[in-house]
Amino acid sequence: GGKRDLKGKHILVNAGGTREFIDPVRFIGNPSTGKQGIAIAKAAIHRGAKVTLVSTASSPLPMGEGPAAVKVARTSAEMHRAMLEEFPHADITIAAAAVGDVRSQLNSDRKLPKSELPLNLQLEYIPDIVADLASRKRLDQILVGFAAQTGDEEEVIAAAKEKLARKGLDAIAANAVNSLQTGFGTDTNQATFIHKNGHRQSTPICSKLELAHRLFDFLQS
Ligand code: C5P
């Protein structure tokens with residue numbers, strides 16, 4: 001039951017934390033589990049959308065959730081490639097993935113012995129995927145980001161507003177990750193949605209699925 005207000009729409013979602021490999025057994029990563037992005041994919045399916053989920057986790061959607069295409073992308077480079085490929089087909093894109101900010105310049109195909117591991121790892125910045133998508137965005141497309149941030153509510157919202165503008169997004173979900181009930185790996189979350197037109201709405205602490213529905217309600221309002 002419920003709302004079918006996304007019927008006929010194609011929703012693209014990315015989820016999870018990228019892994020930036022140093023060699024096949026070592027990587028720089030982050031604590032994102034992909035739960036919020038997966039909940040967004042489920043909510044979109046429930047509302048009648050055709051969904052493409054690009055996830056860093058192998059089997060992110062339980063069977064029987066409905067029409068969804070799932071692509072696995074473990075590194076930011078794989079994520080970037082998959083998102084560029086899917087973006088032209090999407091009416092609404094929600095970038096919930098925690099994409100790394102830096103990666104190792106060294107990326108060996110074979111496991112390095114400890115003696116060959118540099119103690120000063122040379123890093124490089126990872127290109128910003130949503131900013132790249134924003135630069136290719138058509139007028140009929142909507143692009144939404146997430147901003148995971150530590151700090152008090154005011155700091156979290158200020159950082160998210162800056163990212164919304166800098167990355168060229170239509171909206172952003174400011175998401176505090178310093179409490180046990182919100183953020184990485186938890187089943188509950190809390191966010192303030194901020195639209196580029198200034199419209200703003202905060203959710204209570206709620207399930208990640210409810211937060212996903214509230215995000216679609218916000219985007220449709
Ligand atoms: O700057 P920050 O990582 O906090 O921004 C978060 C938003 O930017 C998320 O929507 C995330 O998916 C996106 N992002 C990205 N590519 C990056 C880093 C972040 O698409 N390299």
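Which one is nearest to the ligand (Cβ to nearest atom) among residues in region 79-124 that are among the acidic types (Asp, Glu) and not in a loop (DSSP other than H, G, I, E, B)?
Of everything passing the filter in region 79-124, 124 is nearest to the ligand (Cβ to nearest atom).
Applying the selection to region 31-48, what residues are buried (at least 16 other Cβ atoms within 10 Å of the Cβ) and either under 21 Å from residue 129 (Cβ atoms) or of a type in the set (Ser, Thr, Tyr) (or both)?
Correct list: 32, 33, 34, 35, 36, 37, 38, 39, 40, 41, 44.
Picking from 180, 169, which residue would you name as being over 28 Å from residue 91 (Cβ atoms) and of a type in the set (A, V, I, L, M)?
180
So which of 173, 165, 158, 147 is assigned to a strand (DSSP E or B), more than 8 Å from the ligand (Cβ to nearest atom) and at pLDDT 90 or above?
Answer to the selection: 173.
Out of all the residues in region 125-144, which are in contact with a Leu (Cβ under 9 Å, 6 or more places away or on another chain) and assigned to a strand (DSSP E or B)?
Across region 125-144, the qualifying residues are 142, 143, 144.
Going through region 175-198 one residue at a time, which ones are under 17 Å from the mean Cα position of the chain (by Cα) and exposed (fewer than 14 other Cβ atoms within 10 Å of the Cβ)?
If the condition is that a residue be under 17 Å from the mean Cα position of the chain (by Cα) and exposed (fewer than 14 other Cβ atoms within 10 Å of the Cβ), then 185, 187 are the ones that fit.
So is residue 201 surrounded by fewer than 20 Cβ atoms within 10 Å (Cβ to Cβ) and part of a strand (DSSP E or B) or not?
So residue 201 passes the test.
The values are calculated or read from the model by the stated rules, or taken from the named source; none is laboratory data. All of these numbers come straight from a predicted model, not from anything done at the bench. Here the Cβ is made from the backbone with ideal geometry for all residues, glycine too, and neighbour counts use every protein chain on show.
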